[in-house]
Amino acid sequence: MTKTLKSPAAPAPKRAAKKPAALAQSTVPTPADADTAAAAPDEAGKTLLDADDAGDAAAAPAAKGRDRWPEAVMARGYATIPSILFWGQANLGLSPDQFNVLLQLVSHWWTKDVNPHPSKETIARRMGKDPRTVQRHLTALEDAGFIKRKPRYKLHKGQDSNGYDLRGLVRKLKAIAPEFEKVSDQNKRRRAKVEGK
């Protein structure tokens, strides 16, 4: 009687461990949160490439950045910051320090409906400035309509660091976006004319 040999069963594929859901109030995003934030810079899923051409370069799918930055750097998290904020710094009338303070706030804005709330002391330490200087910049940004401070309170412990509503910044960036679109169109027409010769 002939016995049929069975080939050994292939090992079961390893299952990826489930990652715990990130808390909305977390001060450091997990890489998974960062991927989600970076993967959707706008509704079209595209981002502009060249600041000098103010978006004249062809739109490309948003990259997650892991091919450009070391894992040890990306593991600390990253923020989605529209390029127009960099390109429009002068148009918006932002001093370098005010711009830096805004970037510090945006770097803590993980969720649309949860205001970022780094303390003045944290921002000051990162910038190498005095907290009173940061306070003056925050006041100037609020007076100019970029931010709105929202008091926060710890349960039974009094006031916590302020939250910062960034809808003013979003409105201002939306308002200057057409200027960059116009420059982009002009650059395309100029380039087409040169290439047509």
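Can you give the net charge of the other residues whose Cβ lies under 9 Å from the Cβ of Ser161, counting K and R as +1 and D and E as -1?
So the surrounding residues net to 0.
Which pairs, out of Lys112/Lys188; Lys154/Lys174; Lys148/Lys174, put more than 28 Å between their alpha-carbon atoms?
Correct reply: Lys112/Lys188; Lys154/Lys174.
Work out, step by step, the length gained on full extension between Lys157 and Glu121: first 0.36 nm times the residue separation, then minus their alpha carbon distance; give nm to one decimal.
Result: 11.1 nm gained on full extension.
Could you put Leu173, Leu102 in order of accessible surface area, largest first, with the 1.4 Å probe and the full protein assembly present?
Leu173, Leu102
The values are calculated or read from the model by the stated rules, or taken from the named source; none is laboratory data. What you are looking at is a predicted structure, and each value in this text was computed from that prediction instead of being measured. Backbone-built Cβ (ideal geometry, glycine too); neighbour counts: all protein chains shown. Calculation scope for accessible area: heavy atoms of the full protein, side chains included, ligands and nucleic acids excluded. Shrake-Rupley method; radii C 1.70, N 1.55, O 1.52, S 1.80 Å.
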